[in-house]
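Presented below is the structure to which this report refers.
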Amino acid sequence: MKIIIVDDDSMVYESLQLLFSREEDIQVVGTANNGAEAVKACEDAMPDAVLMDIQMPEMDGIQATREIKKRWPEVRVMMLTTFEDEQNIRLALLAGAEGYLLKSAPVEDMAQQLRALISGSSVLTADVLLRLTQPEKEGLDSLTAREQDILKLVAQGCSNKEIASQLFVSEGTVRNVISIILDKLEVRDRTQLALYYWRRT
């Protein structure tokens, strides 16, 4: 199988590239430092699967996954990250990712999970499944700390650009998180978000 490894830390993808070279049926056909490079690498190499980091400059892994699945739906995407929070898990799956693994996993496990991914299975670790199957909280209590920060700034009338600047994240991340908040609170737009916030604080 042909794979691409995407991570903004060159040591990470170089190490994984070396480790995967020991697997006879896995060929690393490209690496990338950010989401934009990942899309270009897919265009050039047409891999079977992509190991995708989440937080990266220029274009994050969520945005890159959405673009890759839009252009090449047959390419399987495995999110590879140190983050275990529910927000990133849900964003990754909403973007079209079929799997989600932690960087702490042994490379043998990653190889096995990649094979399962290529065969058509969705791959989620036990920790991830636990987070996804926990009973949902209601209202503002259902939001993570980051989601509450963004909701507060939306309620104060800040634009996505202003929110991104204040919280040191990309505008794409802000858009993604606002989509999650809208879904969790079951409201339609930013105006309703602001009203929801001020009525409950």
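Worth a mention:
- Restricting the stretch 117-144 to residues that are within 13 Å of K184 (Cβ to Cβ) and at pLDDT 70 or above, the residue that is most open to solvent (accessible area, probe 1.4 Å) is D141.
- Residue match in the stretch 64-73 (condition: at positive phi and open to solvent by 50 Å² or more (accessible area, probe 1.4 Å)): no
For (1) open to solvent by less than 20 Å² (accessible area, probe 1.4 Å); (2) assigned to a helix (DSSP H, G or I); (3) closer than 22 Å to R199 by Cβ; (4) not polar (S, T, N, Q), each residue gets a yes or a no:
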| site | (1), (2), (3), (4) |
| --- | --- |
| R146 | no, yes, yes, yes |
| I150 | yes, yes, yes, yes |
| V154 | yes, yes, yes, yes |
| G157 | no, no, yes, yes |
| T173 | no, yes, no, no |
| I178 | yes, yes, yes, yes |
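- Evaluating E14 against the criteria (1) at pLDDT 95 or above; (2) surrounded by fewer than 18 Cβ atoms within 10 Å (Cβ to Cβ); (3) not small (G, A, S) leaves one unmet condition, (1).
- Matching residues, the stretch 17-50, being within 19 Å of the chain's Cα centre (by Cα) and either open to solvent by 30 Å² or more (accessible area, probe 1.4 Å) or modelled with pLDDT under 90 (or both): T31, N33, A36, E37, K40, D48
The values are calculated or read from the model by the stated rules, or taken from the named source; none is laboratory data. Note that the coordinates shown come from a computational prediction; the quantities given were computed from them, not determined experimentally. Every residue, glycine among them, receives a Cβ derived from its backbone with ideal geometry; neighbour counts consider all protein chains shown. Quick note on the areas: whole protein, heavy atoms, side chains included, nothing else; ligands and nucleic acids left out. Shrake-Rupley method; radii C 1.70, N 1.55, O 1.52, S 1.80 Å.
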